[in-house]
Amino acid sequence: MQALWMLLASFFFATMAVGVKVAAGSFSTFELVFYRGLVSIVFMGLVLRTRGIPFATPVPAMHAWRSTIGVLSLGSWFYAIAHLPLATAMTLNYMSGVWIAAFLVGGAMLYGKAERQGALMATVLAGFVGVVMMLRPTLEQNQLFAGLIGLLSGLGAALAYMQVTAMGKVGEPEGRTVFYFAVGSAIAGGIGMCFDTLTPWSAVSWQAAAWIVPIGVLASLGQWCMTRAYSRGSTLMVANLQYSGIVFAAFYSLVLFGDKIPLIGWAGMAVIVVSGLAATALRTRALPNTPAEEH
């Protein structure tokens, strides 16, 4: 059942990304983050009330950290989606598995266990080789900055996933975790809008306006399914299945937006996926309780 939760999460996130790419033609990144958070607050608030889950949490500091890193990752991802081919932006965000492996290698080196991490370090290097293969042929010169931002979104996602797993271990309900992330998104987006030029609704296309509510709902469903999968399922299985989102995004990218990605770009995506799968398998089998992962 946990496999189905992760597959659903990947589908919801990829479909949400379609909406973000369409809406980005009329809204800024801060506006999209704000509206996504606002809709999610309403949606998840109704879910919590219906399921009888209290809004009060015994771990507010964990929610604050998860929301902070999650919002930074979300904003970076939305920016990358707006300025890059959809499949490219999704793949950079899904570098999270490789980033987690990099954290574990760094933690092992810090604790004097670097000699055991050769295979894991190889997967990290392979992942970054895949990034170079993918970005060089698919990014124009003016898209390089967006590519770096997309890479940072994957880094933030890795930290967020590790925090979600930690919150699941202390028994925090998935719905409440998603709700407070929505609150953080709305607050951060609202603050950003105060320093940005707002888009008048008269200048918004009907296609962009039509996606505002679905983006928030799809994000909530994706976060809910992902949180449930990571907090209840096998880490190895869940982390591997998250790469199905790249398949959904590639389909949308080709069919809906006509994005052209050369063969070496697709090869780079494959290298990233394989390195992520290998990194997950290695860290799950050989490093189940390293200080870095426990932290």
Inset, instruction - Report the residue count in region 43-57 for those that are surrounded by 10 or more Cβ atoms within 10 Å (Cβ to Cβ), over 16 Å from Glu172 (Cβ atoms) and either among the hydroxyl-bearing types (Ser, Thr, Tyr) or in contact with a helix residue (DSSP H, G or I) (Cβ under 8 Å, 6 or more places away or on another chain) (or both). - result: 2
Inset, instruction - Check Thr91, Thr138, Thr123 and return the single one that is more than 25 Å from Thr165 (Cα to Cα), polar (S, T, N, Q) and either surrounded by 20 or more Cβ atoms within 10 Å (Cβ to Cβ) or modelled with pLDDT under 90 (or both). - result: Thr138
Legend entry - Filter result (β-branched (Val, Ile, Thr) and under 22 Å from Val213 (Cβ atoms)) within region 42-74: Val42, Val47, Thr50, Val71
Legend entry - Residue, farthest from the chain's Cα centre (by Cα), within region 106-120, restricted to residues that are within 23 Å of Tyr243 (Cβ to Cβ) and at pLDDT below 70: Gln117
Inset, instruction - Check region 168-185 and report whether any residue there is assigned to a helix (DSSP H, G or I), out of contact with any helix residue (DSSP H, G or I) (no Cβ under 7 Å at 6 or more places or on another chain) and touching a residue at least 12 places away in the same chain (Cβ under 8 Å). - result: yes
Legend entry - So Ser96, is it touching a residue at least 12 places away in the same chain (Cβ under 8 Å), at negative phi and surrounded by fewer than 24 Cβ atoms within 10 Å (Cβ to Cβ): yes
Legend entry - Test set (1) surrounded by 22 or more Cβ atoms within 10 Å (Cβ to Cβ); (2) within 15 Å of Leu155 (Cα to Cα); (3) modelled with pLDDT of 90 or more - Thr68 fails condition number: (1)
Inset, instruction - Inspect region 281-288 for any residue being more than 24 Å from Leu151 (Cβ to Cβ), modelled with pLDDT under 85 and charged (D, E, K, R) and give the result as yes or no. - result: yes
Inset, instruction - Go through (1) in a helix (DSSP H, G or I); (2) buried (at least 20 other Cβ atoms within 10 Å of the Cβ) and name the single condition Phe27 misses. - result: (1)
Legend entry - Filter result for the condition that a residue is within 17 Å of the chain's Cα centre (by Cα) and not acidic (Asp, Glu), over Phe12, Phe55, Phe43, Phe27: Phe12
Legend entry - Any hit, region 58-69, residues being hydroxyl-bearing (Ser, Thr, Tyr), over 17 Å from Met133 (Cβ atoms) and in contact (Cβ under 8 Å) with a residue 24 or more places away in the chain: yes
Legend entry - Candidates Ser185, Ser220, Ser202, filtered to the one that is surrounded by fewer than 19 Cβ atoms within 10 Å (Cβ to Cβ) and polar (S, T, N, Q): Ser202
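The values are calculated or read from the model by the stated rules, or taken from the named source; none is laboratory data. In this text the structure is predicted, and so the values were computed from the model without any measurement. Here Cβ is always computed from backbone atoms with ideal geometry, including for glycine, and neighbour counts include all displayed protein chains.
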